[in-house]
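I have placed the structure first, in the form of structure tokens, so that the comments after it can refer back to it.
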Amino acid sequence: MYTDIKFNEYADKMLNQLTKGVFMTTKKGDKVNTMTIAWGSISFVWGKPIFIAFVRYTRDTYQMVEHADEFTISIPLNIDLKKELGYCGSKSGRDYDKIKECDLKLRDARVINTPILEDCEMHYECKVIYKQALEPGNILQSVKDRYYNTNNYHVVYYGEIVDSYLIKGEE
Ligand SMILES: Cc1cc2nc3c(=O)[nH]c(=O)nc-3n(C[C@H](O)[C@H](O)[C@H](O)COP(=O)(O)O)c2cc1C
């Protein structure tokens, strides 16, 4: 069962979970990968609802999203997927089929080609409409020292939220 929601409905719960981790799923050809992200936000830009994700160059997800220009965000609201978030946040899709290893279940998205993780209750389907590599010269030195001392910068993806919903009626 699907319950359509506005992009900012459940924002409080979603942002709270985001600080602990949500799943960013990408697809390239037949390969589907998911990784844990905690840096990002929802916003409203260009008259559109947007999910903003920060992805470092070294992630397999970076290659995947560069190819597909779309991604899904799956958010566990009430269920405990700590173990899965930990695994998907430490192993790379280059070396492991994380979805299989974690026994996560894929379900076709409603609008885009990248599936959602049906273990989670809340989902955004996103099409990249803008991306921007962080400009090293514009980062506060203390932030640079803390997060970028190996020059592994983030690329920031602005994904238009083209669909947002709950599944299983969990709220
Ligand atoms: C809680 C948590 C949050 C994370 N947030 C991000 C993030 O926002 N951006 C990012 O690039 N990596 C983040 N990571 C690290 C990636 O999830 C991790 O490097 C992962 O193994 C990359 O997978 P991939 O190579 O299959 O893309 C996070 C890890 C954890 C555990």
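The values are calculated or read from the model by the stated rules, or taken from the named source; none is laboratory data. These figures come from a predicted structure and were not determined experimentally. Every residue, glycine among them, receives a Cβ derived from its backbone with ideal geometry; neighbour counts consider all protein chains shown.
Here are the numbers:
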read-out	value
Options THR72, THR25, THR61; residue that is surrounded by 14 or more Cβ atoms within 10 Å (Cβ to Cβ), out of contact with any helix residue (DSSP H, G or I) (no Cβ under 8 Å at 6 or more places or on another chain) and touching a residue at least 60 places away in the same chain (Cβ under 8 Å)	THR25
VAL32, sole failed condition from (1) β-branched (Val, Ile, Thr); (2) within 19 Å of TYR158 (Cα to Cα); (3) buried (at least 17 other Cβ atoms within 10 Å of the Cβ); (4) more than 7 Å from the ligand (Cβ to nearest atom)	(2)
All positions within region 50-70 that are assigned to a strand (DSSP E or B) and within 11 Å of the ligand (Cβ to nearest atom)	ILE52, ALA53, PHE54, VAL55, ARG56
Qualifying residue in region 71-85 (condition: more than 7 Å from the ligand (Cβ to nearest atom), more than 12 Å from the chain's Cα centre (by Cα) and closer than 17 Å to VAL128 by Cβ)	no
Residues (aliphatic (A, V, I, L, M), part of a strand (DSSP E or B) and more than 16 Å from the ligand (Cβ to nearest atom)) located in region 120-171	MET122, ILE129, ILE161, VAL162, LEU166, ILE167
Residues within region 86-103 that are part of a loop (DSSP other than H, G, I, E, B), in contact (Cβ under 8 Å) with a residue 12 or more places away in the chain and more than 8 Å from the ligand (Cβ to nearest atom), tallied	1
Those residues of region 28-56 which are in contact with a helix residue (DSSP H, G or I) (Cβ under 8 Å, 6 or more places away or on another chain) and under 13 Å from HIS123 (Cα atoms), in sequence order	ILE42
Residue match in region 66-89 (condition: modelled with pLDDT of 95 or more, out of contact with any Cys (no Cβ under 9 Å at 6 or more places or on another chain) and among the polar types (S, T, N, Q))	no
Answer from MET1, MET14 - the residue that is more than 8 Å from the ligand (Cβ to nearest atom) and at pLDDT below 95	MET1
